[in-house]
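The values are calculated or read from the model by the stated rules, or taken from the named source; none is laboratory data. For clarity, every value in this text was computed on a predicted model and none was experimentally measured. Ideal geometry is used to build each Cβ from the backbone, glycine not excepted, and the neighbour counts take in all protein chains shown. These area figures cover heavy atoms from the full protein model, side chains too; ligands, DNA and RNA do not enter into them. Shrake-Rupley method; radii C 1.70, N 1.55, O 1.52, S 1.80 Å.
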Amino acid sequence: ITQDFVKVSDFLKESSYQIRKRGFSPHPIFVVSEKNVAIGLPLVKRGEKDNEWFYNAALPEHLIEKELLLEETYGEFTKIYKDPEEYCCLFVALPQFTNFVFLPYPEDGGESDLF
């Protein structure tokens, strides 16, 4: 995922900024999947930026609605949510792995952290 992320990171960072700036949510989430999933809004299709994954823009409400994030744990989620200027919040939706991953945008050169 990290190699693919580099190809779309600038676009995701700008999308995160727009989501926050327009007041949709202070906690944008990008759903990453091998097959397009019905969570959030399609943002980057496979192959669009020489990428291998699908990326959807989602708000916490989208994940709560799909019961992928429990409403009662949303407060805890906001506490671990990393600075969106430096980190991208990805919700990786794979059959073998489903979890939140915070990846630093490439210019920061940091390591990824799992939730």
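Taking the stretch 1-14 on its own, how many of its residues are open to solvent by 20 Å² or more (accessible area, probe 1.4 Å) and of a type outside the set (Asp, Glu)?
7
Here is a list of conditions, (1) within 13 Å of the chain's Cα centre (by Cα); (2) surrounded by 16 or more Cβ atoms within 10 Å (Cβ to Cβ), and Pro42 meets all of them except one; can you say which number that is?
The one condition Pro42 does not meet is (2).
Would you point out the residue of the stretch 67-85, among those that are under 20 Å from Arg20 (Cβ atoms) and charged (D, E, K, R), that is surrounded by the most Cβ atoms within 10 Å (Cβ to Cβ)?
Here is the first cut: in the stretch 67-85, the ones under 20 Å from Arg20 (Cβ atoms) are 69, 74-75, 77-85.
Subset that is charged (D, E, K, R): 79, 82-83, 85.
Numbers: Lys79: 7, Lys82: 14, Asp83: 9, Glu85: 11.
Looking at the filtered set, the residue picked out is Lys82.
Determine whether Asp113 is among the acidic types (Asp, Glu) and modelled with pLDDT of 95 or more.
no
Where in the stretch 1-80 are the strands (runs of 3 or more DSSP E), entirely inside, with at least 3 residues that are touching a Cys at 6+ places or on another chain (Cβ under 9 Å) and under 17 Å from Phe100 (Cα atoms)?
none
For Glu34, indicate whether it is modelled with pLDDT of 90 or more, in contact with a Leu (Cβ under 8 Å, 6 or more places away or on another chain) and open to solvent by 40 Å² or more (accessible area, probe 1.4 Å). Even if it seems obvious, please write down each step before you answer.
Working: modelled with pLDDT of 90 or more: yes; in contact with a Leu (Cβ under 8 Å, 6 or more places away or on another chain): yes; open to solvent by 40 Å² or more (accessible area, probe 1.4 Å): yes.
For Glu34, the condition - modelled with pLDDT of 90 or more, in contact with a Leu (Cβ under 8 Å, 6 or more places away or on another chain) and open to solvent by 40 Å² or more (accessible area, probe 1.4 Å) - is met.
Kindly provide the set of residues from the stretch 48-66 that are closer than 16 Å to Phe24 by Cβ, in contact with an Asp or Glu (Cβ under 7 Å, 6 or more places away or on another chain) and buried (at least 18 other Cβ atoms within 10 Å of the Cβ), ordered by number. Spell out how you get there, then give the answer.
Taking the stretch 48-66 first, the residues closer than 16 Å to Phe24 by Cβ are 56-65.
Still in the running and in contact with an Asp or Glu (Cβ under 7 Å, 6 or more places away or on another chain): 64.
Across the stretch 48-66, there are no qualifying residues.
Report, by residue number, each residue of the stretch 18-30 that is crowded, with 16+ Cβ neighbours inside 10 Å and more than 12 Å from Phe5 (Cα to Cα).
Ile19, Ser25, His27, Pro28, Ile29
Would you please name the residue that is farthest from Asn36 (Cα to Cα), looking only at residues in the stretch 86-107 that are open to solvent by 20 Å² or more (accessible area, probe 1.4 Å) and at pLDDT 95 or above?
Glu86
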